[in-house]
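Have a look at the structure below, then the notes.
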Amino acid sequence: MRLLLVEDDGALAQQLKAALTEAGFVVDVASDGIDAEFRGQTEAYDAIVLDLGLPGMDGLSVLHRWRDANRDVPVLILTARNRFHDKLSGFNAGADDFLSKPFHTEELLLRLRALIRRSTGHAAPVLVCGALSLDVNATKFSLDGESLALTAQEHRILAYLLHHAGRVVSRTELGEHVYDVGYDPDSNVIDVMIGRIRRKLCPHELLKTRRGQGFILQAAD
Ligand code: CA
């Protein structure tokens, strides 16, 4: 899952980026409102963490512009002030959740995972597809009830496909959501990873390639 972190406090941004990366997210950072607005309009994110006080354009204006353009990505606002007025303005601008500074990184992670899970249509924190399951909060996959060992890249790819199970996900979409801006869409890394994941899911044929379309994670009927 790929996040945009909008935070102009450089030290906090680096600390949060490290924690979010450690937790398995791919993270792009924007440090002013104008860059944030552009990235949110042009890049594919699974959730956005948005600071309110920003140089260039304030966070609420950035959020208004995304929503006016029908960008429906979940947005969690970071606010230094735990004031009702800020929350009211934020919800009216289209925010999905709030966190007041200072906060525990673990709470940010829990809230982001819940936002992403709900935005992809999953009510429960354990996602299941046949013999495969993912405990979203523990970030652990199981196959037939046994822990499934995956590399960080394999984990990101399989987590994205499981959040979107039953739907064909194109190679382009997958690349946008599991790699950062440096990803080369012409590379074959995704196909290599898909092959490895498929072998790890044996004997279950859950992950299928649809030629010319992409990949689908689906339990047998
Ligand atoms: Ca700020």
How would the stretch 126-217 be classified by its alpha-carbon gyration tensor: rounded, prolate or oblate, with rounded meaning a/c under 1.5 and the a/b versus b/c comparison settling the rest?
prolate
Out of 172, 42, 120, a Gaussian network model of the chain with alpha-carbon springs under 10 Å gives the largest mean-square fluctuation to 42
May I ask for the distance between the Cα centers of the stretch 109-167 and the stretch 1-60, given as a whole number of Å?
23
Nearest 10 degrees is fine. How inclined is helix 84-93 to the longest principal axis of the chain, computing both from alpha carbons?
60
Specify whether the C-alpha gyration tensor of the stretch 2-119 places it in the rounded, prolate or oblate class, a ≥ b ≥ c being the square roots of the eigenvalues: rounded for a/c under 1.5, otherwise prolate if a/b is larger than b/c and oblate if not.
rounded
Lysine pair count for the chain [Cα-Cα under 26 Å; pairs on different chains or 8 or more apart]
7
How would the stretch 80-146 be classified by its alpha-carbon gyration tensor: rounded, prolate or oblate, with rounded meaning a/c under 1.5 and the a/b versus b/c comparison settling the rest?
oblate
Relative to the longest principal axis of the chain, what angle (0 to 90°, nearest 10) does the C-alpha long axis of helix 33-42 take?
30
Which three extents, in whole angstrom, do the alpha-carbon atoms of the chain cover along their principal axes, largest first?
54, 35, 30
Using the heavy atoms of the protein chains alone and a 1.4 angstrom probe, what is the accessible area of the stretch 2-119 per residue in square angstrom?
45
Two-site label geometry, residue 128 and residue 67: point separation in nm, points 7 Å out along Cα→Cβ:
3.6
Area accessible to solvent at residue 173, 1.4 Å probe radius, in Å²
40
Roughly how many percent of the accessible protein surface of the stretch 18-102 is carbon and sulfur, given a 1.4 Å probe and a whole-percent answer?
51
So what is the accessible area of the stretch 126-217 per residue, in Å², with the probe set to 1.4 Å?
50
In degrees, nearest 10, the alpha-carbon axis of helix 59-68 is tilted away from the dominant principal axis of the alpha carbons of the chain by 60
Estimated dipole of the chain in Debye, rounded to 20 [Cβ of Lys and Arg +1, of Asp and Glu -1, Cα centre]:
680
I need the calculated FRET efficiency for the pair residue 140 and residue 104, taking r as the beta carbon distance and R₀ as 25 Å, to the nearest 0.05.
0.75
Percent accessible area from carbon and sulfur atoms, the stretch 126-217, protein chains only, probe 1.4 Å:
49
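The values are calculated or read from the model by the stated rules, or taken from the named source; none is laboratory data. Please read all numbers here as calculations on a predicted model, not as lab measurements. Please note: Cβ atoms are built from the backbone with ideal geometry, for glycine as well, and neighbour counts cover all protein chains shown. In case anyone asks, the SASA skips ligands and DNA or RNA and just uses the protein heavy atoms, side chains included. Shrake-Rupley method; radii C 1.70, N 1.55, O 1.52, S 1.80 Å.
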